[in-house]
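Here the structure comes first, spelled out in structure tokens, and everything after it is commentary.
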Amino acid sequence: MGDVRGVPWREAARVTALCWVVCAVAYAILNLLDQPTLPVAAPVVMLLARWFWDRHRHWAAGAAAAFAGSAVVFVLTDLARLHWDRIAADALTTAAGATVALAVFTGASRLTPPAT
């Protein structure tokens, strides 16, 4: 947490890959249970929140990442649901939103110092 340089790109790539794996597992479980109303995004949001809280408390970067990731999910969800079932569309847009959020967070964390 005391790293002034910001989040390393390698770490952000690992967390992004983990988010995609979590989305895939959530998709598989929800598809198997046939529960399209349960949120696919919840495990990913909890994972990212825990990672943020434990490792990198860059508040301005976190706010920018949350806004960017949410915007991507908001825009892509309705478009994806036109082509795929609800569970697949939600999993794909959640993974895309997490990818954008992590890219924004990593870039912005290098511009702003961490909160003390």
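The values are calculated or read from the model by the stated rules, or taken from the named source; none is laboratory data. Computed from a predicted model, the values in this text were never measured in an experiment. Glycine gets a Cβ as well: all are built from the backbone with ideal geometry, and neighbour counts include every protein chain shown. Remember, those area values only see protein heavy atoms, side chains included, never the ligands or the DNA or RNA. Shrake-Rupley method; radii C 1.70, N 1.55, O 1.52, S 1.80 Å.
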Treating only Lys and Arg (+1) and Asp and Glu (-1) as charged, each at its beta carbon, one finds that the range 1-59 has a dipole about its Cα centre, in Debye to the nearest 20, of 260
Expected sort for 68-75, 46-53 on mean C-beta neighbours within 10 Å, highest first, is 68-75, 46-53
Quick P(r) readout (the range 64-108; Cα-Cα; 10 Å bins; whole %) gives 35, 46, 17, 2
Quarter of the surface of the C-alpha convex hull for the range 34-80, i.e. direction-averaged projected area in nm², equals 3.9
Here the equivalent ellipsoid of the chain, derived from its Cα gyration tensor, has semi-axes (largest first, whole Å) of 28, 14, 10
Dividing the helical contributions, -39500 (n - 2.57) per DSSP H run of n ≥ 4, by the residues of the chain yields a 222 nm value, nearest 500 deg cm²/dmol, of -26000 deg cm²/dmol
Ranking Ile29, Thr93, Leu82 by how far each Cα lies towards the positive end of the charge dipole of the chain (+1 on Lys and Arg Cβ, -1 on Asp and Glu Cβ), the top one is Thr93
Ordering 98-111, 22-35 by per-residue average of other C-beta atoms within 10 angstrom, highest first, gives 98-111, 22-35
Label model pair Ala71, Ala17: point-to-point distance (7 angstrom along the Cα→beta-carbon line) in nm is 2.9
Among Ala88, Ala13, Ala41, the residue with the largest mean-square fluctuation in a Gaussian network model of the chain built from Cα contacts under 10 Å is Ala13
Rounded to whole Å², per residue accessible area for the chain with a 1.4 Å probe reads 60
Counting only protein heavy atoms with a 1.4 Å probe and every protein chain in place, the carbon and sulfur fraction of the accessible surface of the chain in whole percent equals 71
Quick calc, the chain, dipole around Cα centre from Cβ unit charges on Lys, Arg (+) and Asp, Glu (-), nearest 20 debye, gives 400
For Arg86, the net charge from surrounding residues (Cβ-Cβ under 15 Å; K, R +1; D, E -1) works out to -3
